[in-house]
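The values are calculated or read from the model by the stated rules, or taken from the named source; none is laboratory data. Computed from a predicted structure; not experimentally measured. Ideal geometry is used to build each Cβ from the backbone, glycine not excepted, and the neighbour counts take in all protein chains shown. Heads up: the accessible areas ignore ligands, DNA and RNA and are worked out on the full protein's heavy atoms, side chains in. Shrake-Rupley method; radii C 1.70, N 1.55, O 1.52, S 1.80 Å.
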Amino acid sequence: GRTARGMEEITRLMREALGFLQTENFVMAEESYALALEAAGSTLGEEHATTTSLLGHLARVCSHQGKHDLAAQMLERQVFNLRKQGVRDPGLATSLLELSDAKQRLGLSDEAEKLAQEATDMLREVVPEADGEASG
């Protein structure tokens with residue numbers, strides 16, 4: 001059905017994006033990820049795990065090109081989805097740190113600091129043994 005065809009298209013576009021990344025063609029990788037994101041949003045829904053993952057991939061490619069505005073938008077959507085799904089893990093912490101970095105580069109250091117602190121607190125919850133090492 002429609003979903004199976006949609007998944008095939010998303011998978012094809014993701015493979016295409018990875019191919020572009022291997023040759024460091026970030027412009028084409030961005031285009032492929034953007035198309036995959038659009039397809040995932042319409043086929044699977046805005047909050048689906050695949051859509052959420054693609055937001056992060058697209059954000060990284062944008063960030064790599066200095067498009068920190070766009071990266072921040074994608075990461076905000078990704079973080080929103082992960083929070084809505086009740087996720088509190090290193091994956092969300094990583095997204096928060098990436099969003100913090102994008103905000104910092106946009107000159108939003110207060111926001112960046114809050115996000116970095118949230119990520120740090122979350123990692124302490126998830127990986128309690130890191131506490132002892134951090135203070136030593």
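Structure summary
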| quantity | calculated |
| --- | --- |
| Every residue from the stretch 99-136 that is in contact with a helix residue (DSSP H, G or I) (Cβ under 6 Å, 6 or more places away or on another chain), closer than 30 Å to Leu44 by Cα, at pLDDT 95 or above and open to solvent by 50 Å² or more (accessible area, probe 1.4 Å) | Glu118 |
| Among the residues listed as Ser42, Ser63, the single one being touching an Asp or Glu at 6+ places or on another chain (Cβ under 8 Å), open to solvent by 10 Å² or more (accessible area, probe 1.4 Å) and among the hydroxyl-bearing types (Ser, Thr, Tyr) | Ser63 |
| Qualifying residue in the stretch 86-97 (condition: over 24 Å from Ile10 (Cβ atoms) and open to solvent by 70 Å² or more (accessible area, probe 1.4 Å)) | yes |
| Among the candidates Glu24, Glu30, residue that is assigned to a helix (DSSP H, G or I), charged (D, E, K, R) and either more than 22 Å from Ser95 (Cα to Cα) or at pLDDT 95 or above (or both) | Glu30 |
| Residues of the stretch 9-29 satisfying the condition of being open to solvent by less than 30 Å² (accessible area, probe 1.4 Å) and closer than 17 Å to Ala71 by Cα | Ala17, Ala29 |
| Enumeration of residues in the stretch 76-86 that are farther than 13 Å from Leu37 by Cβ and either in a helix (DSSP H, G or I) or touching a residue at least 60 places away in the same chain (Cβ under 8 Å) (or both) | Glu76, Val79, Phe80, Leu82, Arg83, Lys84 |
| Filter result for Leu54 (under 21 Å from Gly91 (Cα atoms), at pLDDT 95 or above and either of a type in the set (Gly, Ala, Ser) or open to solvent by 20 Å² or more (accessible area, probe 1.4 Å) (or both)) | no |
